[in-house]
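The values are calculated or read from the model by the stated rules, or taken from the named source; none is laboratory data. The model shown is predicted, which means the values in this text are computed figures rather than measured ones. Note that we place each Cβ from the backbone using ideal geometry, even for glycine, and neighbour counts take in every protein chain shown.
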Amino acid sequence: MIWQLDLLILILVVLCGIGAIMIRDLLGTAILFGAYSFMMCLLWAIMGAVDVAFTEASVGAGVSTVFFVATVYHTTRRTKD
Amino acid sequence: MKNLGLLIVVLVGAVLIYATTDFPPFGDPESPASLHVSPRYLENSLEETAVPNVVTSVLVDYRGLDTMFETTVVFAAGVACFLLLRVPRRRTPAPRQYRHRLTGLTFRIKDGGEISLPLQEFEPMESIWTPHDFIIEKVCCYLIPFIQLFGLFVIAHGHHSPGGGFQGGVILGASIILLSLSHDLRTALKRMGEKTSALFSTFGVLIYAGTGALCLLLGYNFLDYQALDPLLPGGPVMARYHGILLVEVGVGMAVMGTMIWIFRNLASRGRHEEGL
Amino acid sequence: MSQYYPALLIAIPLLAALFISASGWLRPALCFPLALTALGGSLLVSLGLLSNVIRGIPDVYLFGGWPPPWGIYYRVDHLSALVLAVVSIVGFVNLIAARPAVEKEFPEKAAPFYTLYVLFVTGLLGMVITGDAFNLYVLLEIAAITGYALIALGKGRAPLSSLHYIFMGTIGACFYLLGVGYLYIITGSLNMEDIARLLPPLYESKVVTVAFVILMVGIWLKMGFFPLHAWLPNAYTHAPSPVSSLVAPLMTKVMVYVMIRMVLTVFTVDYAFLVLKLNDAVVWLAVIAIVAGSLLALAEKDVKRMLTFIVVAEVGYMVGGFWLGNRAGFIGAVLHLVNDALMTLCLFLAVGNIVYAKGNSQWDSLPGLFRTMPWTMGALVVGALSIIGVPPTCGFFSKWYLLLGAIQGGHYGFLAALLFSSLVSVVLFFRIFEISYFEPFGASHGPDHGEDGPAGREAPLGMLVPLWMTALGLVLLGLYTGEIVDRVIRHAVPGMML
Amino acid sequence: MEEVLRLVVERYNYWIYITLMMIGLYALIAKNNLVKKIVGMNIFQTAVILFYVSIGVKKGATIPIIEHNYDMAHQAIRAADYVNPLPHVLMLTAIVVSVATLGVALAITIMVYHRYLTLEEDEILKQIRES
């Protein structure tokens, strides 16, 4: 485990998380959430949890994001906060 | 609301930070979590189940009950989305629009009407129609079989490498979802109908729970795959190995069916006609 | 045979749920009979478990054949056998009553409805019987997800209420999971009894304290304990009536059971009552819950919504009774858990009948009900008397034990809250009876509503029979209180409280 | 000062999980948009998962797949050489539960949107009050 890489990804995770809830466009939220999940998956792969990382990559970054996009497609992109 | 939220958040954070000071240091091999229960899994997994990937053997064998209910949770979510969103099929289909591929003329077909010209020359148009991108369509056409092959590999090879029923099932499901994203929902529905995906998800869980019940019928405890010894070759340890494989296939089927099912209901708002 | 009971208890409804789902696609007429058979089967099994426990046969079931700290095991003792019986009885009786309403409100979705219904009961049964802290989380999520979906099926505001329930329920479940994680990091085990064995040397650790607090907050969120109850009234009011009569009696009671189980088995009574000394504070919280629940109920003009606030107050009874920390309080809390499940079921079933006949349960639709729906209103009276605590019904006895506990524990605030809440219940229910008995029918309706219009008929027999079974059950339970306390609950009282 | 710094550095994974949890909880309570709340809910859940995965880490250990030969022959296994697999197992379950919850929550969101034609909670509540 290279701690510099670990720290960088940890910071990116937090930034993606904050971005996902701050951005004023729901499609952007969905995409940033996908990025957040992917960073999380990298983090877990670094920590040796390969199975968890694999699941998160396919479930969190893959299917969840598609679900979000499908929902936004059928509702609206508008958000006030 | 914002201030209240901030207050609660800070309170929770403070409580958690307070506890963190008493945690064992991060990554300590001597922490209680690494010494009490888990060493047995690592040391005996190979002898007892013949599965080198300890996560798989713990997931499906030692703590198999958790995984059975986890698959049930996924199944329940699929049924829930169906229950909430699915709109019953209308008796008389709504008017549809077709575009003639060669001339670009648009026809509006009223309920129940038919087109007399050969159907290959037309493509259905949707109210929220987006032009299809040729490159994406073709690339996905070639990509999808390989994705599915990889999904099957992940399910079958979960004993020796990262992966297993869940991951493989999600990948298989994602391949069909990709088909409906790159083409349209109708094309994907033609390949795999709604009833198929629903039955896939039901029978997947049924394989898991049925394996457990089979062990019960053979006189062992629920989910004790050793009971499958008389039915499978290779002795009691390999019976566990094969039992795990059987269950992983069930999980894969259930997860694949459910992911497709949920996606369709979300993407078409339960109408299964047009959508993402 | 009897050694397989714990496995059968879970396996029968789970397999049946899958068959119901499949038959929805292949042969829809089979759905209801399958669901009935499944819940009937698990009812028989849970009664068998109860009788085993009374006869002193221990029931431990190892799943996958692995010994406890490594595998998952189910354990039945007096407390869990009693709650199992209650859960399966309520699930079964309510299923019979649900059929007419399902056929009227969403006939084409019967199959997924029954699938989720049976899965919900499976989840609750598993939560009661499991001996593994993480397995409890998974089962909790099964019950929660099916519950969210069933509640969202209602009309009007239901989806929004269900969404709020999802947010609150997920926070609760995650807090529970985090608490289990804190216990895991400090002990390295997930098995409840194993954790209890490893904890005593660690009582001083901040991690254990915080784990306890987080677990309790998570469980309280799920059960709707007063300051955390905000999701409960809306979710239960807007749900379709067969769902609210399923979720309202069961979810909160099972969460109370989980709280008791966590304190008794995982943290042990010594830690909760002697080391942390939180009991006084929690009882005061319960006092606030009871008073606030009763007062909020007074402000409502809809029978169903009023009942949901009564549920909030009743949760306060049980939490307070348990945290009094003495024998009478404990017996009162457990007895009230059993009684309240049946009382709430009776009241919600009666309201379900009114909604079935009238379309809603606002006060405007009450006048003349004693004339048009005498059987329903009769059962409502029995349920109301039980909630108030009138002697032949069971509500009296559990309240008696709770009062006794309050006096023994010297906690007069709790005593006052109990009496106040009974008084408020009298006001609440007699107001309803007054309107529905004395106000002439049709006063608030137009003249075109004749007396024998479609809106003024008694509910169908399929809904009346389960309702009256429950109402008679309330009286029987009251008559046999002594038996239940002697044979079951007395054995569940932890040694310290004697 | 050095003591505090050591505490911070030694457990930095735990600090990040608390931060993420606070972000998620804040979004869940204070945000007005329903989809944002659902995103917050997911961040909250992943934070708990991060915490569990952090429990399993052992310094100097490798992934929990036992090294073995083709015929399953292997050296004596030392548990300290492999990362603790139990938290991973639990978290696989938790991830799947979270995606199931997400599916149901999004389905209900679509229902809410088509009833009120907005995803903003205050606008929905205003519509309910007016009707």
For region D:69-79, give me the residue count where each residue is at the interface with chain B (Cβ under 8 Å from one of its Cβ atoms), modelled with pLDDT of 75 or more and part of a loop (DSSP other than H, G, I, E, B). 1
For region A:62-71, indicate whether the set of residues that are at pLDDT 90 or above and farther than 24 Å from residue B:151 by Cβ is non-empty. yes
Given the conditions (1) part of a helix (DSSP H, G or I); (2) within 30 Å of residue C:188 (Cα to Cα); (3) among the basic types (Lys, Arg), and given that residue C:99 satisfies all but one, which numbered condition is not satisfied? (2)
Can you tell me which condition residue B:242 does not meet? The list is (1) buried (at least 20 other Cβ atoms within 10 Å of the Cβ); (2) within 22 Å of the chain's Cα centre (by Cα); (3) more than 14 Å from residue B:164 (Cβ to Cβ), and all the others hold. (1)
Hey, can you tell me all the residues within region D:98-123 that are in a loop (DSSP other than H, G, I, E, B) and touching a strand residue (DSSP E or B) at 6+ places or on another chain (Cβ under 8 Å)? D:119
Residue among D:82, D:12, D:113, D:17 that is of a type in the set (Ser, Thr, Tyr) and closer than 19 Å to residue C:172 by Cβ: D:17
What is the number of the single condition among (1) within 14 Å of chain C (Cβ to nearest Cβ); (2) part of a helix (DSSP H, G or I); (3) closer than 24 Å to residue C:74 by Cα; (4) out of contact with any Pro (no Cβ under 9 Å at 6 or more places or on another chain) that residue B:262 does not meet? (3)
If residue B:223 meets every condition in (1) within 17 Å of the chain's Cα centre (by Cα); (2) in a loop (DSSP other than H, G, I, E, B) apart from one, which number is that one? (1)
The one condition residue C:181 fails out of (1) more than 10 Å from chain B (Cβ to nearest Cβ); (2) at pLDDT 90 or above is (1)
Mind checking whether some residue in region C:264-274 is closer than 30 Å to residue C:430 by Cβ and part of a helix (DSSP H, G or I)? no
Just to be sure before I move on: is residue C:139 crowded, with 24+ Cβ neighbours inside 10 Å, at the interface with chain B (Cβ under 10 Å from one of its Cβ atoms) and touching a strand residue (DSSP E or B) at 6+ places or on another chain (Cβ under 8 Å) in the structure I sent? yes
Looking for whichever is more than 10 Å from every other protein chain (Cβ to nearest Cβ) and in a helix (DSSP H, G or I) here; the options are B:245, B:206. Which one fits? B:245
Any residue that is in contact (Cβ under 8 Å) with a residue 60 or more places away in the chain, within 12 Å of chain C (Cβ to nearest Cβ) and either surrounded by 19 or more Cβ atoms within 10 Å (Cβ to Cβ) or part of a helix (DSSP H, G or I) (or both) - is there at least one of those in region B:227-237? no
Note on region B:22-40: residues in contact with a Leu (Cβ under 7 Å, 6 or more places away or on another chain) and either more than 7 Å from chain C (Cβ to nearest Cβ) or closer than 17 Å to residue A:48 by Cβ (or both) are B:38
Take the residues in region A:25-80 that are in contact with a helix residue (DSSP H, G or I) (Cβ under 7 Å, 6 or more places away or on another chain) and of a type in the set (D, E, K, R), then tell me which one is nearest to residue B:158 (Cα to Cα). A:51
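Results for (1) surrounded by fewer than 24 Cβ atoms within 10 Å (Cβ to Cβ); (2) assigned to a helix (DSSP H, G or I); (3) more than 16 Å from the chain's Cα centre (by Cα), shown as yes or no for each residue.
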| position | (1), (2), (3) |
| --- | --- |
| C:215 | no, yes, yes |
| C:218 | no, yes, yes |
| C:230 | yes, no, yes |
| C:234 | yes, yes, yes |
| C:243 | no, yes, no |
| C:246 | no, yes, no |
| C:252 | no, yes, no |
| C:256 | no, yes, no |
Any idea which of C:211, C:196, C:143 is among the hydrophobic types (A, V, I, L, M, F, W, C), within 21 Å of the chain's Cα centre (by Cα) and assigned to a helix (DSSP H, G or I)? C:143
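The rows are residues; the columns are (1) more than 19 Å from residue C:316 (Cβ to Cβ); (2) out of contact with any Leu (no Cβ under 8 Å at 6 or more places or on another chain); (3) of a type in the set (A, V, I, L, M, F, W, C).
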| site | (1), (2), (3) |
| --- | --- |
| C:222 | no, no, no |
| C:242 | yes, yes, no |
| C:268 | yes, no, no |
| C:274 | yes, yes, yes |
| C:285 | no, yes, yes |
Considering B:74, B:54, which residue is more than 9 Å from chain C (Cβ to nearest Cβ), in contact (Cβ under 8 Å) with a residue 40 or more places away in the chain and of a type outside the set (D, E, K, R)? B:74
Within region D:22-48, take every residue that is within 11 Å of chain B (Cβ to nearest Cβ) and not in a helix (DSSP H, G or I) and give me the one that is surrounded by the most Cβ atoms within 10 Å (Cβ to Cβ). D:31
Out of the residues in region B:148-179 that are of a type in the set (Phe, Trp, Tyr) and within 11 Å of chain A (Cβ to nearest Cβ), state the one that is farthest from residue B:75 (Cα to Cα). B:150
When residues of region C:388-397 are filtered for being part of a helix (DSSP H, G or I) and over 19 Å from residue C:297 (Cβ atoms), how many remain? 3
From the list C:337, C:347, C:295, C:369, pick out the single residue that is closer than 21 Å to residue C:97 by Cβ and within 22 Å of the chain's Cα centre (by Cα). C:347
Residue B:154 fails exactly one of the following numbered conditions: (1) closer than 30 Å to residue B:47 by Cα; (2) modelled with pLDDT under 90. What is the number of that condition? (2)
Selection from region C:156-193 of residues that are touching a residue at least 24 places away in the same chain (Cβ under 8 Å) and outside any helix (DSSP H, G or I): C:156, C:157, C:189, C:190, C:191
Could you tell me which numbered condition residue D:114 fails, if it satisfies all but one of (1) within 11 Å of chain B (Cβ to nearest Cβ); (2) surrounded by fewer than 19 Cβ atoms within 10 Å (Cβ to Cβ); (3) more than 27 Å from residue A:66 (Cα to Cα)? (3)
Search region B:201-225 for residues that are touching a residue at least 60 places away in the same chain (Cβ under 8 Å) and pair each with any residue that is assigned to a loop (DSSP other than H, G, I, E, B) when their beta-carbon atoms are under 6 Å apart and the residues are at least 6 apart or on different chains. B:212/B:222; B:212/B:223
Residue among C:118, C:83, C:93, C:53 that alone is in a helix (DSSP H, G or I) and touching a His at 6+ places or on another chain (Cβ under 7 Å): C:53
Filtering region C:26-65 down to residues that are facing chain B (nearest Cβ under 10 Å) and buried (at least 22 other Cβ atoms within 10 Å of the Cβ), which residue is modelled with the highest pLDDT? C:63
